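The values are calculated or read from the model by the stated rules, or taken from the named source; none is laboratory data. Small disclaimer: the values here were computed from a predicted structure and weren't measured. Cβ coordinates were reconstructed from backbone atoms using ideal geometry, including for glycine residues, and neighbour counts include every protein chain displayed. Heads up: the accessible areas ignore ligands, DNA and RNA and are worked out on the full protein's heavy atoms, side chains in. Shrake-Rupley method; radii C 1.70, N 1.55, O 1.52, S 1.80 Å.
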Amino acid sequence: MKQILVATDFSLSASNAMEYAMGLAKILEMEVCALHAIHPTEGINNNTYNAIFIDDYYNNKRAALKEWAATYTSKDEFKDVEVNTVCGVGFLKNVINKYIDDNHVELLVMGITGSTGLAGIVGSNASMMVSVVDIPTLVIPLESKFSASPVVTLATDYETRLSAGDVNALNEMLKAFGSDKIDVLYVSEKDEAKNVETGEKRLRDLFKHTQLEFNYISASRPLNGIMDFVETKETDILCLVKHHHNVLYRLFNRSTVNQVMNRSVKAILVLHE
């Protein structure tokens, strides 16, 4: 069965991401796996006594993770969602990638603190994972809550093509939500729109059963246009396609995702070429 993978460090932001993922899994009829990475040196601290009893430390961590997950499985609304837990020893990116390689993971979900605390996604574990995984990654700010009927915006430059896997995942989500519309936002740094007809046709072919509403912004500072659009449309999920050469990726590297979240407090779904 397809899975939603939730990375947790037991923080409030991870708890919010788990709540979001459980709601998503219920609609998508998927399993959820709560994963916690134990740092290689955690619980040892160069102490011989601690090293001897490290297995006890790991077992306690596994028990704590199961107890944490049980706070969600015990809720009546999530009683039909199957949840399993995994504690892996190693660096976060390695533990997550190994699990993804060995299991049918459809979506990675990670929480961030958002606008009320730390800087946000850029420089965070979520930012790091976006750069090393090839599956759709949903980043959930602390203030963002699950919506069963989300407003979805796809930001694009028409030059970057979505991977087949990401298209399938997004189509499945839209179908499960019962959503028949996507707001498509073309982003350009220059006052021109390239490949408009071809780009629109390509997206229509990818999302045949969804109404696409095309919108265009061209400005020297596209960031402001993106944020204004997201706020005006009350977007719940902003989809960005990560590619090393497109304008959206360059904006991503200049803290766009962080600033969008700090201002709009929405979820961001990072897709891949």
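The table below gives the values:
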quantity	calculated
Verdict on ASP157 being at pLDDT below 85, in contact with a helix residue (DSSP H, G or I) (Cβ under 6 Å, 6 or more places away or on another chain) and open to solvent by less than 30 Å² (accessible area, probe 1.4 Å)	yes
Strands (runs of 3 or more DSSP E) wholly inside the stretch 163-273 that include at least 1 residues being modelled with pLDDT under 85 and open to solvent by less than 20 Å² (accessible area, probe 1.4 Å)	181-188, 237-242, 267-272
Strands (runs of 3 or more DSSP E) contained in the stretch 44-145 and holding at least 3 residues modelled with pLDDT of 90 or more	83-89, 105-112
